[in-house]
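One structure below.
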Amino acid sequence: MQLTLLTLAEPNRFNIVELLRNGPKSVGEIVQALGISQPHVSRHLRILSEAGMVRSRSKAQLRIYSLEAGPFQELDEWFDSFSILWEERLDNFEEYMLDYKKKEDQ
């Protein structure tokens, strides 16, 4: 999971992942959308691929990239582990607001 977070910390790689979240894209489509050079996009895609976050396939002479679910499922599980903390805080806030409303109505 640390590799996934470190990989996403680079803004261009994060933006590539955001683009691919909407569906597979060719290298050219990514270049056009982000406005960075093809060699830079290819380098970032290689790093994302090495981290297991994207996969590629050939379609004629194009390389089409798409997201791999595994690393993102791992992140999702990690973020979910914090839900207990948030639920507790929201419950406390709800109790506070109910007490506040009772005092205000008196």
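The values are calculated or read from the model by the stated rules, or taken from the named source; none is laboratory data. Treat the numbers as computed from the prediction; the structure is a model and nothing was measured. Every residue, glycine as well, gets a Cβ built from its backbone with ideal geometry; the counts of neighbours run over all protein chains shown. The accessibility values were calculated without ligands, DNA or RNA, using every heavy atom of the protein model including side chains. Shrake-Rupley method; radii C 1.70, N 1.55, O 1.52, S 1.80 Å.
What to note about this one:
- Here Arg57 fulfils each of the conditions (1) open to solvent by less than 90 Å² (accessible area, probe 1.4 Å); (2) without any contact (Cβ under 8 Å) to a residue 40 or more places away in the chain; (3) part of a strand (DSSP E or B) apart from (1).
- Qualifying residue in region 3-22 (condition: over 12 Å from the mean Cα position of the chain (by Cα) and surrounded by fewer than 10 Cβ atoms within 10 Å (Cβ to Cβ)): no
- Unique residue being in a loop (DSSP other than H, G, I, E, B) and either in contact with a Lys or Arg (Cβ under 6 Å, 6 or more places away or on another chain) or over 19 Å from Trp78 (Cβ atoms) (or both) when the list is Ile30, Ile36: Ile36
- Among the residues of region 2-27, just one is outside any strand (DSSP E or B), without any contact (Cβ under 8 Å) to a residue 40 or more places away in the chain and of a type in the set (Gly, Ala, Ser), namely Ala9.
- Residue list for region 68-106, restricted to those being open to solvent by 100 Å² or more (accessible area, probe 1.4 Å) and in a loop (DSSP other than H, G, I, E, B): Gln106
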